[in-house]
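Chemist: Dumping the structure here so I can ask a few things about it.
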Amino acid sequence: MNFVSIDFETANPKWSSVCAVGMVKVEHGEIVDEYYSLVNPEDYFSPFNINIHGITAKDVANTPNFHELSNQLWPWLADSLVVAHNASFDINVLRKVAGKYRLKAPDFTYACTCQLARATWKDLMNYKLSTIAEYLNLDLSHHNALSDARACANILLQAMKYYQCDQLDEMAATKGLQIKKF
């Protein structure tokens, strides 16, 4: 099973205001690489978002913007299966920030580990990343984009073990997991 998990943090309620990105690459069921960067959103930081992730305008003042990072990010995503926890947020963040800079994002497919967790571990009180990470005994420094991406990758790997399958499309066919095209 090969895939990339991704997580974004934003500076404010605008989905195009990326201030951090984390990605984890999995090949043959093993984590083989990780990527993390703070990102200058070229936008304001809301106190609400700062309170969530702790990233401030000062932290990103001398970091690249998303356009400058895109050449490093696109090869990770191109023609890959990309997973995110609450993928509707992270995939829409990617769409909005690519649109902000008029970038052509690569083609890939994606799936949501929150949806997968709901179908797999039915008795949890909720399906927040922190709840699932605790249930599965995963290390998590919540709202650190790399830690969140790592937990997301491990949720998918745990689900694959749970179902004793090595391809996500096998699991998708029986568990109603949606794999969509970006």
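Chemist: Enter the per residue convex hull volume of segment 1-68, computed from alpha-carbon coordinates, in Å³ rounded to the nearest integer.
Modeler: Each residue corresponds to 96 Å³ of Cα convex hull volume.
Chemist: Using the number of other C-beta atoms within 10 angstrom as an exposure proxy, rank His143, His28, His85, His67 with the fewest first.
Modeler: So the residues, fewest neighbours to most, are His28, His67, His143, His85.
Chemist: Let me have the relative contact order for segment 1-77, percent, based on Cα pairs under 8 Å that are six or more residues apart.
Modeler: 28 percent
Chemist: Oh, and also: How much net charge surrounds Pro75 when only the other residues with a Cβ under 13 Å from the Cβ of Pro75 are counted, with Lys and Arg +1 and Asp and Glu -1? Each step should come with its number before you reach the end.
Modeler: Working: positive: Lys25; negative: Asp33, Asp79, Asp107.
Every neighbour counted, the sum reads -2.
Chemist: Same structure again: For every other residue with a beta carbon closer than 13 angstrom to the beta carbon of Glu42, add +1 if it is Lys or Arg and -1 if Asp or Glu, then tell me the sum.
Modeler: Numbers: positive: Lys14, Lys100; negative: Asp43, Glu68.
Once all neighbours under 13 Å are counted, the net charge is 0.
Chemist: Under 14 Å from the Cα of Lys104, which aspartates and glutamates turn up, not counting those fewer than eight places away in the same chain?
Modeler: Candidates past the 8-residue exclusion: Glu68, Asp79.
Chemist: Determine the relative contact order of the chain: mean sequence separation of Cα pairs under 8 Å and six or more apart, normalised by residue count, in whole percent.
Modeler: 26 percent
Chemist: At 222 nm, what helix-only mean residue ellipticity would the chain give, in deg cm²/dmol to the nearest 500, using -39500 (n - 2.57) for each DSSP H run of four or more?
Modeler: For the chain, the value works out to -12500 deg cm²/dmol.
Chemist: Further question on the same structure: Test of understanding: express the Cα radius of gyration of segment 3-181 as a ratio to 2.2 N^0.38 Å, with N the residue count.
Modeler: Segment 3-181 yields a ratio of 1.00.
Chemist: Placing +1 at every Lys and Arg Cβ and -1 at every Asp and Glu Cβ, with all other atoms neutral, what dipole size does segment 1-109 have around its Cα centre, in debye to the nearest 20?
Modeler: 500 debye
Chemist: Another one. How are the alpha carbon pair distances in segment 108-182 distributed across 5 Å bins from zero to the largest one, expressed in percent?
Modeler: P(r) over segment 108-182, rounded to whole percents: 3, 16, 28, 25, 19, 9, 1.
Chemist: Leaving out same-chain residues fewer than 8 places away, which lysines sit with a Cα under 20 Å from that of Lys122?
Modeler: Reachable lysines: Lys161, Lys175.
Chemist: Pulled fully out, how much extra length does the chain show between Thr109 and Gln72, if you take 0.36 nm times their separation in residues and subtract their Cα-Cα distance?
Modeler: In short, 11.5 nm is gained.
Chemist: Between Val32, Ser80, Phe45, whose Cα lies farthest towards the positive end of the dipole of segment 11-86 when Lys and Arg beta carbons carry +1 and Asp and Glu beta carbons carry -1, centred on the Cα centre?
Modeler: Towards the positive end, the residue furthest out is Phe45.
Chemist: Determine the sum of side-chain charges near Met125: Lys and Arg each +1, Asp and Glu each -1, restricted to other residues whose C-beta is under 15 angstrom from that of Met125.
Modeler: Computed value for this residue: +1.
Chemist: In degrees, nearest 10, range 0 to 90: what is the angle between the Cα axis of helix 145-163 and the longest Cα principal axis of the chain?
Modeler: Approximately 10 degrees, to the nearest ten.
Chemist: Quick check for me: using +1 on Lys/Arg Cβ and -1 on Asp/Glu Cβ, what's the dipole size of the chain about its Cα centre, in debye to the nearest 20?
Modeler: About 620 debye.
Chemist: Taking neighbour counts of Cβ atoms within 10 Å as a proxy for exposure, in what order, fewest first, do Cys114, Cys152 appear?
Modeler: In increasing order of surrounding Cβ atoms, one gets Cys114, Cys152.
Read-outs: derived from the displayed coordinates by stated rules, not from any lab. It should be emphasised that the depicted structure is a prediction, and the values quoted were computed from it without experimental measurement. For neighbour counting, all protein chains shown are included, and Cβ atoms are generated from backbone atoms with ideal geometry for every residue, glycine included.
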